[in-house]
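Below is one structure, written out as structure tokens; the observations come after it.
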Amino acid sequence: MNETKLDQAVAKRRTFAIISHPDAGKTTITEQLLLFGGVVREAGTVKARKSGSYAKSDWMEIEKKRGISVTSSVMQFDYGDKRINILDTPGHEDFSEDTYRTLMAVDSAVMVIDSAKGIEPQTKKLFQICKMRGIPIFTFMNKLDRDGREPLDLVNELEEVLGIDAYPMNWPIGMGKGLQGLYDRYNKRIVLYRKDADGNRYLPLDEEGHLSSDHPLTEDSTYRDAVGDMELLGEAGNKFDEDQVASGKLTPVFFGSALANFGVKTFLDIYLKYAPAPAPHKDRADEIIKPDDSQFSGFIFKIQANMNPNHRDRIAFVRICSGEFDRGMDVTLQRTGKVIRLSNSTQFMADARHTVEKAVAGDIVGLYDTGNFQIGDTIYAGKHEVQFEKLPQFTPELFVRVTAKNVMKQKSFHKGIQQLVQEGAVQLYTSYNTNDYILGAVGQLQFEVFQFRMLNEYHSEVVMEPMGKKIARWIDPEQLDEKMSSSRNLLVKDRAGNPLFLFENEFAERWFTGKYPDVKLTAKL
Ligand code: GDP
């Protein structure tokens, strides 16, 4: 691809994630977007997959049992003149780590809110990550076909609880059973929920933003309320400012119903107009890597094993930051300096995966991996070394001691552990003197998934002995004296061999720092 072509290809890309609290409607809206892209022919495909009846893999069993989305995948499709990459994010809070890293690989985010519930804890957490990155955030207030909270109240809550300015792009006319339509402020029209007596779906608004007075809707109090709210917001509300949207300071707000497919297409059209093309990335030397640089570079933000029993490999997900990916190309793995040929790659559609030959900055490519990659790794082609910034790490808070139930099956036990910890959802530690395996995670569910997968994928039955909550603190090996370890602070090594203490509680940590005032402890490595 020559430079102009690369430029044009990159400019077409829109890479984003949908963030929400579980049940707000992320799956339903994703499915609608895929329908617009012509990827799924029938509504219900993604849904069915989520409930387990579609994907029959063992791995999905745990999702079925828990009724939650554990895996996170990537979906690519064309819509209009854009190529869209949606990165799915698991909603359950025990998987927030996975989701946080996925958010490092997107250029913008769509926040779906249940309009009956408003902002829920998980929405807030995920929003904070997007805010920290300064990426544009677009809000979809969902489930308008049900009675929800007052729209003004919802917008106020956005501003107060999340600390972001909001600009409603449209406004509900009624709600639930009384839903008449949307006052489309952006396109200056009314969109009816049900066509009117003359068969119209769209009604134009005049200069003042009013419907022609002979339309029966003007008699409706919900219409008058909507016009009143719009006038109020026009005078006292925020102004639409593209720069503010681009820097994540102002969120355009859309109302609609994903289930009824109402307001979703308008949302997508406007979203694509303002959502950014792939952004430059900073590397650790503070150099700006531009997406249309001809040299290929990218980072691995996720590793996942055995999503499909027919492909029992691990897949490393790479966000391409610059240049073009070509199947079969050689890249350097920055961490080791090793040159690797990328001959086995895949891209994800909603219902199938297929081999990818070419991809450009903004795209996500899945690389079949036999153990080369770790989360956070940079890969690049050419001579110029690139190392992207570290991905956020989360200090585990919950710990279990793990052993193989069947001592004869040590080999599959070790293999399974080594492979699963590389995915990053659970961390592996070994105790100093006894070499016990200890796992740490952010949430309990991670352990359950681990146990389930060990059994199903590695045929290894794992016994987990809960150790409860601990505070993990790393110590400089130079300062370490094994005598510092006691019953209240277990001394362990992480996978890289770095020593750390697992403190029973804050009291134990304070007691330790009191006793060894010169020893520096750190929460993350
Ligand atoms: P997720 O957990 O965020 O992926 O949420 P889902 O898309 O699975 O939706 C959760 C539930 O809300 C499901 O029963 C959906 O059918 C329902 N739902 C989603 N969108 C709407 C909507 O616009 N209106 C109504 N009434 N229900 C919806």
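The values are calculated or read from the model by the stated rules, or taken from the named source; none is laboratory data. These numbers were taken from a predicted model, which means no experiment stands behind them. We place every Cβ from the backbone using ideal geometry, glycine too, and count neighbours over all the protein chains shown.
Observations on the structure shown:
- Pairs with Cβ under 6 Å, 6+ apart, first in segment 245-262 and at negative phi and among the β-branched types (Val, Ile, Thr), second assigned to a strand (DSSP E or B) and more than 10 Å from the ligand (Cβ to nearest atom): 251/137; 251/139; 251/166; 253/139; 253/166; 253/168
- Residue match in segment 167-180 (condition: at positive phi and in contact (Cβ under 8 Å) with a residue 12 or more places away in the chain): yes
- In segment 481-518, the residues that are over 21 Å from residue 437 (Cα atoms) and buried (at least 17 other Cβ atoms within 10 Å of the Cβ): 508, 509, 512
- Extreme residue, farthest from the chain's Cα centre (by Cα), among residues of segment 410-438 that are assigned to a helix (DSSP H, G or I) and of a type in the set (Val, Ile, Thr): 417
- Search result, residues across segment 110-134 that are under 28 Å from residue 298 (Cα atoms), more than 14 Å from the ligand (Cβ to nearest atom) and either at pLDDT 95 or above or assigned to a helix (DSSP H, G or I) (or both): 125, 127, 128, 129, 130, 131, 132, 133
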